[in-house]
Amino acid sequence: MIKELANVVANKAGQVTVTSQIKSTCSSCAQVDSCGSGQIAKALPQAKLTLTLPYDIKKFGKTLEQGDCVVLALPEKHVLSSAAQVYLLPLFGLIAFSAVGQWLYKQQIVPHELIALGLGLFGGYLGYRFAKFNQEQGKQSEKLQPKIIEVLPLPTQAK
């Protein structure tokens, strides 16, 4: 599971709005002073991600209030399968259609190699569209919705 801490900023009618700091890994690299990405990460302020999620009081036995800290989780297998679809489907489409285009060119069915190249690009585009269609389906996008798995207790104040 991929876990992230978030702070509650609003709570109303079974929905809770949380915000989480987006972290850049550039600050921990040894090359941060000589790398362009590291310089950009230093210059730009850290962004925040705000999500509105369903929250069931019965599950945790506690009403969330502004300032409470929660743990969000996302199943790693769903993230990996989604990434595989997004990266591999266009690549497979490009390779498969390019192979068909080369075969058609070798058989002299198509008169020019540029047509075979265009066929490969078309296959990559079809793979992209298919991956996008799969990602927009209800089940897939539902699996990629973060869920609140734990409510962290607030630290006790010193007396």
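The values are calculated or read from the model by the stated rules, or taken from the named source; none is laboratory data. Since this is a predicted model, take the numbers as computed values, not measurements. A quick note on method: Cβ atoms are made from the backbone with ideal geometry, for glycine too, and the neighbour counts reach across all protein chains shown.
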Looking only at the stretch 111-122, decide whether some residue is touching a residue at least 12 places away in the same chain (Cβ under 8 Å) and closer than 30 Å to LYS143 by Cα.
-> yes
Pick from ILE95, ILE115, ILE148: which is in a helix (DSSP H, G or I) and at pLDDT below 95?
-> ILE115
Which residue out of SER81, SER98 is surrounded by 12 or more Cβ atoms within 10 Å (Cβ to Cβ), of a type outside the set (Phe, Trp, Tyr) and within 29 Å of ILE149 (Cβ to Cβ)?
-> SER81
Of all the residues that make up the stretch 1-47, how many are within 27 Å of LYS77 (Cα to Cα), part of a loop (DSSP other than H, G, I, E, B) and modelled with pLDDT of 75 or more?
-> 1
Name the residues in the stretch 48-67 that are touching a residue at least 24 places away in the same chain (Cβ under 8 Å), in a loop (DSSP other than H, G, I, E, B) and either surrounded by 13 or more Cβ atoms within 10 Å (Cβ to Cβ) or not polar (S, T, N, Q) (or both), would you?
-> TYR55, ASP56, LYS62, LEU64, GLU65, GLY67
Name the residue, out of VAL86, VAL70, VAL110, that is part of a loop (DSSP other than H, G, I, E, B), at pLDDT 85 or above, surrounded by 14 or more Cβ atoms within 10 Å (Cβ to Cβ) and of a type outside the set (Asp, Glu).
-> VAL110
